[in-house]
Amino acid sequence: MKSTSILFVSLAVLAASCQKVNDPEKINHDSSVTLYLSGEKSSTSSSQRTMLSGNDVIWSPSGEYLAVAISDRNNMVEDNKWSEGGPVPEVVACLSSNEGVVTADGSKANFSISFPDKESVPTGGAYRFHAVYPLDATFVLGNVSKWDWGVFVGTRSGERGQYPPEGSFDPLADVMLAISRNEYTEITDGMTIDLVFERLCTHARIALKGLPADATIIKAVIYAPEGYSMSGISYINVMNASLSSDKSGRNYVILNYGNDEESGKTGSKSTRASVIGRPVNPDGSFDLLFCTRPMVIAPGDKLQIVLYTDQGTIEKTIIAGASGIRFEQNTLSSVTVGMSAQPLVPYFCHILTAPGSEPVSSLSIPRTGGTSRFYLHSNAGNYANLNIESCNSIYRINSYDAILQEDGSYLMECELLRRPNNSLSSTVANTVPASFSCFGQTMMGYPLDIIQECGAGEIVAGDWTADPVQIGSLRWYPVNLGFDLSHPFGKYYQFGRKAGQYAYCDNPSTKFAVASYDSKYNFAGTPDDDTFYGSSFWWYTYGDPMTTIVRETWLETDTPEELAKGKGNPCPEGWRLPSRDEMVAFITDAGHKNKATRTSHCGASFSSVTSDGTAYIWEVWNSDQDKFLEFPIAGYINGTKTLYNAAGNISGYESISEETFRAYDELSLHRRETESGWGLGMYWAADSDWDVNLLCFNSRGYSSDVSMVTYGYPGWGCSVRCVQSVPESE
């Protein structure tokens, strides 16, 4: 049985004035106030519940509870409308009833509600009582408006459907609403409230004949045509006499023949199946007992039944005759259906390249990144779950809810967003475990084979190939500048410098020297391309770096003067660095960004440069253009050390030493998150005004961790990703 305290968890969005009532067993009855609510009806047919007795559905002998709300008419004005600027409508109390007392023949029931003390009883209003039966059918009060109370009719949250016990109906699917016949100006201990009930559903039996006697039915789904409402959510207006209003509906009812774990924690054991699945009777008969909204299937319309068994599916379509198929309120509506001519179809899955095409044994996709749609035709359910955790070449598979086909099966559309295969010599084969479920219950598993081809791209390095990627108005180089198979992070560039260097831990032949300057603070001498220059603030400068604001651009052209100073565009011919504005636009245009830990980057292994062969990667997708880019968290070389005086102010800058440079490893390069900070990928923008501009990827993985920053120094060694402008004509 469900304690009253649990009600207020399920009604978490109650109006602010709703009162929480303690467990009735713990109430001090010397000071408590108890009201009695009549569940009596004029006839058995108008008080039907969920226990089947002959052709009557009666109250269950135990476990019956109501959810009760009390409204105050004084909060209202004429025509049941709230006055402009008037008081906010409130439900003055929201309670769960004590367990109902049911007569021996099950035709009548009486309930009571208890206030913990007299001080909690509302006073001075004009009160009406509202009830929802059963208590567990309620899900929220105040969802649509402050006075609408939502209830599940013929279904439950998450489309879990109904769980009919042997020979009867699911207690949580049979829903009634009630309102007090009278309005009360005071509430006193022992008073009786006369309720008028209205049922929101009707009880139906579809008697199936001629089924395979050895079959076990796991789930049944009954479909009406589109436009009919068999189950869904209704709302009762608890502030006036309006009992119910249909706000949403589904054209199907789901019947589950297994343990209902959620309601099993609170409901009576007699209402739950004890095994997964229910065997067909030895004579081949099986009764589908369900609750549905009252309706009439019009002549010529179809009612479809799909049975999911332990072996496969059995389907039957019924065409309504001249009088239609009637599910009438407050009656037990029965239909008999012959199933002997309906075959049991074993569960299957077919891979299709287009709806209605011939099945293929595996899905073959091209080397390049993007979106590839394929279709899974299966009779095993309405949803497919594909597990790609072990498939490095696949980024994401979106599985969409399928549409029921004429043959009773489903065509499931799946969208595959795939990483490019950047090998020149080998295909990539993945076996993706797929499981098919019918409204949450797994019916079958299936291995889905996906093969990705290899091929040549514009950019080739050894056995590696790739293509530039257009996102927005720019084409982006697919890898960091300086990339090769042995150095997947690429080189590290000091701002404005044409030559880059590898970190010493990646290539011990990289040299180091302290930058030297002439009297005008220009770099003295000709830079050695293989040498990283530690500097005091910048590796080159014009004027005193402590006092002069310098505005620089990493120029696209290389003049002899710039080359003599080691400056210039480091990118291949026809490529350049992106500006800050272009990087800001890229962050916006890129769309989906996701951090992953990868064992390879664009087909190249990290095993030669990291301790465990993996690296943090930011995967950037533009789903509209079907474009994919990877940005490794390559770290950076902190080329300067900031000095502080006794007052805590910056007093100068000191270049790193050769010893420090040679000690750089993946941790000191900030490729990995450490106790003192996170791994970073720092990418230069082409322009700077005192503060440099860097596109930063943080290893934390939050969406906000891809951003522009200005806290670096031009003497740092950071990554470069080159771009090309796309002509407007393209």
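The values are calculated or read from the model by the stated rules, or taken from the named source; none is laboratory data. As the structure is a computational prediction, the values presented were derived from the model and not from experiment. Don't worry about glycine lacking a Cβ; one is built from the backbone with ideal geometry, like all the others, and counts go over all protein chains shown. What goes into the accessible areas is simple: the full protein's heavy atoms, side chains included, and nothing from ligands, DNA or RNA. Shrake-Rupley method; radii C 1.70, N 1.55, O 1.52, S 1.80 Å.
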Above-threshold pairs, the threshold being 32 Å between Cα atoms, out of Lys219/Lys247; Lys219/Lys302; Lys108/Lys247 = none
query = With Cβ to Cβ distances under 11 Å as the rule, what net charge do the other residues near Gly284 carry (K, R +1; D, E -1)?
reply = -1
remark   = Which residues qualify? For Phe169, with a placed amide H closer than 5 Å and at least 5 residues away or on another chain, they are Leu52
ask   = With every protein chain present, what is the per residue accessible area of the range 611-656 (1.4 Å probe, Å²)?
value = 41
note = Here, Ser323 and Trp678, labelled 7 Å along Cα→Cβ, have an inter-label distance in nm of 7.0
ask   = Amide H neighbours of Ser112 under 5 Å, counting only residues 5+ apart in sequence or on other chains, H built in-plane at 1.01 Å?
value = Leu37, Asn98
inquiry  = Using the Karplus curve 6.51 cos²θ - 1.76 cosθ + 1.60 with θ = phi - 60°, what ³J(HN,Hα) values do you get for each residue of the range 337-349, in whole Hz, with x for Gly and Pro?
reply    = 10, x, 10, 5, 8, 9, x, 8, 9, x, 4, 9, 9
key: Built amide H within the under 5 Å cut-off of Ala126, gap 5+   = Arg73, Asn74
key: Label point 7 Å beyond Cα of Ser608 along Cβ direction - residues of the range 464-491 with amide nitrogen under 13 Å   = 464, 483-491
message = I'd like to compare 158-166, 197-205, 438-446: which one has the highest average count of other Cβ atoms within 10 Å, and what's the full order after that?
response = 197-205, 158-166, 438-446
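Relative contact order of the range 154-228, please, whole-number percent, based on alpha carbon pairs below 8 angstrom and at least 6 residues apart. Mind dumping the intermediate values first?
Numbers: 54 pairs, mean separation 17.8, N = 75.
Answer for the range 154-228 is 24 percent.
Arrange the peptides 307-319, 345-357 so that the one whose residues have, on average, the most other Cβ atoms within 10 Å appears first. Before the final figure, lay out the partial values.
Working: 307-319: 19.3, 345-357: 15.1.
The most tightly packed comes first, giving 307-319, 345-357.
What is the antiparallel percent of DSSP beta bridges lying wholly in the range 581-726, to the nearest 5? Can you show the working numbers first?
Details: 33 of 35 bridges.
Of the beta bridges lying entirely in the range 581-726, close to 95 percent run antiparallel.
For the range 318-477, report the translational diffusion coefficient in µm²/s to the nearest whole number, using Stokes-Einstein at 4 °C, 1.567 mPa s, and a Kirkwood Rh over Cα pairs.
69
With respect to the cross-link table entries Lys511/Lys641; Lys567/Lys627; Lys209/Lys316; Lys595/Lys627, which display a Cα-Cα separation exceeding 22 Å? Write down the numbers at each step before the final one.
On the way: Lys511/Lys641 19 Å; Lys567/Lys627 33 Å; Lys209/Lys316 12 Å; Lys595/Lys627 16 Å.
The pairs that break the limit, which is 22 Å between Cα atoms, are Lys567/Lys627.
For the range 320-429, what % of the accessible area comes from carbon and sulfur atoms, probe 1.4 Å?
Working: 2460 of 5120 Å².
Solvent-exposed carbon and sulfur of the range 320-429 make up 48 percent of the total.
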note = If unit charges are put on Cβ atoms (+1 for Lys and Arg, -1 for Asp and Glu) and the dipole of the range 347-466 is taken about its Cα centre, the option from Phe439, Ile397, Ser361 lying farthest towards the positive end turns out to be Ile397
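Figure the gain on full extension for Lys247 and Ile451 (residue separation times 0.36 nm, minus the Cα-Cα span) and round it to one decimal in nm. Walk me through the numbers before you get to the answer.
Values: separation 204, 0.36 × 204 = 73.44 nm, distance 4.66 nm.
My answer for the length gained is 68.8 nm.
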